[in-house]
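Read the structure below first, then the notes.
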Amino acid sequence: MLSKLVLSGDVLEEPDAEDARTKKLSLTDPDARSMATSGKGTGIVGYNVQIAVDAEHHLVVAHEVTNVGADRSQLAAMGGKARDATGCEEVTVLADRGYYNGEEVLACEGKGVLPYVPKTQTSGNAKRGLFTVQDFIYDAENDRYACPAGEFLTKGKIRSDRRDDMDHYRNLTACLTCGLKPQCTTDKVKRQKRWEHEAVLDRMQARLDRMPEAMIIRRQTVEHPFGTLKAWMGSTHFLTKTLEKVKTEMSLHVLAYNMKRMINIFGVKPLMQAIAG
Ligand code: SF4
């Protein structure tokens, strides 16, 4: 039974989009959008193709085409689609940092989708030479944080000013006389924020800690199908225009990929027999 899956998204270009790159839209396809890519100034106009690949046989278990430029909102939907396609009660889904989104991880809870997504480092504290969130250890039993000085930060009564789902933990006395304060905060006292559903992220991090090879498996698994599909599709990738047609085109590519893969795994004769049987 397939249960370990790798989720990945890649940007595939629309034909004629090159002319329109600077305007970030396609002049010929009203549904194509500018997609975020890793290189600065290299945005591609096209579609975001999501695939969930089984880590053992490299078969594409589920796929989707969207014109949403980032992967942040894809985890729960794609995880659920892959779970349904495999028929497994629970699937393990390995994905890169681009999928890190607390709300999406929360949406997977109790739905048979177990995500493994490394945390995105958004805090500028490390660059400024200050302690980062990893330096504050959460103690769930006592609902408090242990700080690098060995003091405890406890939950304040008032939540964040802007988000009412964030608690603040602080120590109103220890910080005032702490020798480590220059490395800790530029404020009067350190305030450690915690999302009300942070426990789901803590559980995911614990799973990642227990599977240190997760991101190596992820990399090794997605290169094969995306590399093969893109090579087949040629440099401009899609031949059709508009989202619905591009979805159909992609489905045919995935079907062809899976059939070739199955032939490689089983051989033609046994596969024909299995299909007939
Ligand atoms: S400044 Fe406060 S939170 Fe930071 S290390 Fe010192 S006591 Fe702990």
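The values are calculated or read from the model by the stated rules, or taken from the named source; none is laboratory data. These numbers come from a predicted model, not from an experiment. Neighbour counts run over all protein chains shown; Cβ positions are idealised from the backbone, glycine included. Side chains are part of the model used for accessible areas, which takes the heavy atoms of the whole protein and leaves out ligands, DNA and RNA. Shrake-Rupley method; radii C 1.70, N 1.55, O 1.52, S 1.80 Å.
Put simply, of A274, A256 the only residue that is free of Cβ contacts under 8 Å to residues at least 24 places away in the same chain and either open to solvent by 40 Å² or more (accessible area, probe 1.4 Å) or under 28 Å from G102 (Cβ atoms) (or both) is A274. Screening G227 with (1) over 19 Å from the mean Cα position of the chain (by Cα); (2) crowded, with 16+ Cβ neighbours inside 10 Å; (3) within 30 Å of K119 (Cβ to Cβ) gives one miss only, at (2). Pairs are defined by a Cβ separation below 7 Å, a sequence spacing of at least 6 or placement on different chains, a first member in region 188-209 that is hydroxyl-bearing (S, T, Y), and a second member that is more than 16 Å from the ligand (Cβ to nearest atom) and part of a helix (DSSP H, G or I); no pair meets this definition.
Of the strands (runs of 3 or more DSSP E) lying entirely inside region 123-225, those containing at least 2 residues that are within 11 Å of the ligand (Cβ to nearest atom) are 144-146, 152-155, 166-170, 191-195.
Within the bounds of region 165-173, is there any residue that is open to solvent by 90 Å² or more (accessible area, probe 1.4 Å) and modelled with pLDDT under 95?
Here is the first cut: in region 165-173, the residues open to solvent by 90 Å² or more (accessible area, probe 1.4 Å) are 172-173.
Applying the additional criterion that residues be modelled with pLDDT under 95 yields none.
No, that holds for no residue.
Per this entry, K247 is not counted among residues that are within 17 Å of P148 (Cα to Cα) and open to solvent by 50 Å² or more (accessible area, probe 1.4 Å).
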